[in-house]
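**Q** Could you have a look at this structure, given as structure tokens, before my questions?
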Amino acid sequence: MSLRKLPCLTRRLLDAARRNARHSTGPRSEAGKQRVKLNALKHGCYAAPENDAAVMRALGEDPERYAAFKRERAAYYDPGGALGDRHLENLVRLHWSLQRLERMERALVRGRRRAKL
């Protein structure tokens with residue numbers, strides 16, 4: 001049993017809480033949601049696929065370069081069929097993610113070296 005006294009919610013306190021809650025619900029408009037959806041972006045590994053282009057731009061990558069890389073791989077492997085297309089998509093995404101992680105790793109190592117100087 002808690003020794004803390006339960007707050008007595010008066011009508012005035014309840015109304016104040018409701019007014020305050022209206023200010024902390026996040027953006028409601030589509031433009032506002034688009035503006036804040038990448039606020040917590042760190043590395044993009046867990047971003048939803050529909051946000052790929054926005055994540056790439058936010059991380060300084062070029063979505064057109066990704067599309068060109070995907071076309072090159074499709075021409076080279078000629079997947080044919082739904083399963084082959086899915087394998088190609090996985091291959092391209094994994095390769096792109098590996099390049100991204102290697103860039104981040106190099107940046108971290110450079111940062112540690114500078115910190116030691």
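For (1) free of Cβ contacts under 8 Å to residues at least 12 places away in the same chain; (2) not acidic (Asp, Glu), each residue gets a yes or a no:
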| site | (1), (2) |
| --- | --- |
| ALA17 | yes, yes |
| ARG22 | yes, yes |
| ALA31 | yes, yes |
| GLU61 | no, no |
| ASN90 | yes, yes |
| LEU101 | no, yes |
| LYS116 | yes, yes |
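**Q** Go through region 63-82 and give me each residue that's outside any helix (DSSP H, G or I) and either of a type in the set (Gly, Ala, Ser) or surrounded by 11 or more Cβ atoms within 10 Å (Cβ to Cβ) (or both).
**A** Listed by number, the residues that qualify are PRO79, GLY80, GLY81.
**Q** Which residue, of ARG106, ARG112, is surrounded by fewer than 11 Cβ atoms within 10 Å (Cβ to Cβ), modelled with pLDDT of 90 or more and among the basic types (Lys, Arg)?
**A** Values: ARG112 fails: modelled with pLDDT of 90 or more.
Result: ARG106 is the single residue among ARG106, ARG112 that is surrounded by fewer than 11 Cβ atoms within 10 Å (Cβ to Cβ), modelled with pLDDT of 90 or more and among the basic types (Lys, Arg).
**Q** Return yes when GLU50 is in a helix (DSSP H, G or I) and within 25 Å of ASP85 (Cα to Cα) and no when it is not.
**A** Spelling it out, GLU50 is indeed in a helix (DSSP H, G or I) and within 25 Å of ASP85 (Cα to Cα).
**Q** Can you tell me how many residues in region 3-33 are farther than 30 Å from ASN51 by Cα and either hydroxyl-bearing (Ser, Thr, Tyr) or modelled with pLDDT under 85 (or both)?
**A** Going through region 3-33 one residue at a time, the tally reaches 8.
The values are calculated or read from the model by the stated rules, or taken from the named source; none is laboratory data. Because the structure is a prediction, the values reported are computed rather than measured. Note that we place each Cβ from the backbone using ideal geometry, even for glycine, and neighbour counts take in every protein chain shown.
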